[in-house]
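The values are calculated or read from the model by the stated rules, or taken from the named source; none is laboratory data. Keep in mind that this is a model prediction, so the values were computed, not measured. Cβ coordinates were reconstructed from backbone atoms using ideal geometry, including for glycine residues, and neighbour counts include every protein chain displayed. Just the protein is used for accessible areas: all its heavy atoms, side chains included, with ligands, DNA and RNA removed. Shrake-Rupley method; radii C 1.70, N 1.55, O 1.52, S 1.80 Å.
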Amino acid sequence: WAVVAFHLFFCLLFRGGLVEKPGENDRFFLPWKLLGTLTGLHTFFLIFYTNHCFKRYYELYDLTRSIVTGLLEMTQELRIRLPNPERRAIITGARRSALRFCVINVYLFFFWISGHKTTDAELDILVTHGLVSRVERDWLKNYEGQKHSVVLDWTLEIARVAVGSNQARPLFKIICDLRTHQTYIEDMLSMPVPFQYFHLMNLMMFLSFIGWAYGMAMYDSWIATFIFMASTVIFLGMRELSGCLSDPFGEDAVDFPVSVWLLDTWRECDLFLEVECPEIWYDPRNFEDAPLVWQKRAAH
């Protein structure tokens, strides 16, 4: 708004006849060729910054979706690695606890990166949804480290006790992948564009706006004012949008709907973990004619 006021002030001076517009040989005349150098540098810096933020945005999207889909992979491995019907009650409890702790880990991780800490109110939300017990909540409140990391260790311990270290290796790999993706996201968020670059870009942008405000005020047409305001809004909008894309975990319009993704995935994992296959699938007599039927179809 200060730049717009600056432009309108000179518009009133020059177009209102209060001050004579400087000519080409006057000291205060601003040639567009001189302004073009600063405008070109400013445009280059802004495009480089925007491209970096867009690339970062899509990398964060891939990592976030990998974490969410990792819960589905974990559910499939739990069904495969813990199928023992002789210990049905114990195995079912181990399945549910392992998956529940993985879901808690992902929720706590996104809570943590959104505010760089996990608050008591966020833990109470998980208690309300039935993910965390009150005993677990009280323990996590007193834990001073990263709460999402220790919950992931609980999943590893359950898998080791339930099936042993050798059988649980695929589960260990999925859990390690979750931890790796989370570490990448933490590192990316903790390493934004250097502030020196960002402030230098803002300085060039401000100087360009001042030059535009003064130079376009020397034109008699009000179309020049419209072009000045449109250009200013576009450049500022690109900078603000790029800043939002650089950290897509929050409540902005361009931020990831992580809560929606997690809720849908949690429901899908819960249903898939508890569903029982029809008994007909386990009867080998139902597959005796399968090769013959296939050969008949192939012949036709």
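One decimal place: the segment S97-Q146 gains 15.7 nm when fully extended, by the rule 0.36 nm per residue minus the C-alpha distance. The convex hull defined by the C-alpha atoms of the stretch 126-225 has an orientation-averaged projected area of 13.2 nm². Modelling each spin label as a point 7 Å along the Cα-to-Cβ direction, I'd like the W32/I47 distance in nm, to one decimal. Result: 1.9 nm between the two label points. The accessible-area ordering, largest first, of the residues F206, F249 stands as F206, F249, per a 1.4 angstrom probe.
In terms of accessible area, using a 1.4 Å probe and ignoring ligands and nucleic acids, Y143, Y49 rank largest first as Y143, Y49.
For H199, H52, what's the largest-to-smallest order of accessible area, 1.4 Å probe? Working shown, then result.
Values: H199 110, H52 75 Å².
Correct descending sequence by accessible area is H199, H52.
The simple Förster model, with R0 at 22 Å and r as the Cβ-Cβ distance, assigns V254 and L189 a FRET efficiency of 0.90.
Calculate I(q)/I(0) for the stretch 94-169 by the Debye formula, one identical point scatterer on each C-alpha and no solvent, and give its log10 at q = 0.20, 0.21, 0.22, 0.26 Å⁻¹ to two decimals. With one equal scatterer per Cα and no solvent, log10 I(q)/I(0) is -0.82, -0.89, -0.96, -1.23. Around the Cα centre of the stretch 107-170, unit charges on the Cβ atoms of Lys, Arg, Asp and Glu (plus for the first two, minus for the last two) sum to a dipole of about 180 debye. Based on Cα atoms of the stretch 187-281, Rg over Rh with Rh as the Kirkwood radius reads 1.36. For the stretch 122-252, the relative contact order comes to 13 percent (Cα pairs under 8 Å, sequence separation of at least 6). Pick out, from V193, V132, F172, the residue whose Cα sits farthest towards the positive end of the charge dipole of the stretch 106-207, with +1 on the Cβ of Lys and Arg and -1 on the Cβ of Asp and Glu. Value computed over the given set: F172.
To the nearest 0.05, what FRET efficiency results for R134 and R160 with a Förster distance of 30 Å applied to their C-beta separation? Could you put the intermediate results ahead of the total?
Working: r = 26 Å, r/R0 = 0.87.
Given R0 = 30 Å and the Cβ-Cβ separation, E is 0.70.
For the stretch 118-211, the solvent-accessible area of protein heavy atoms averages 56 Å² per residue (probe radius 1.4 Å; ligands and nucleic acids excluded).
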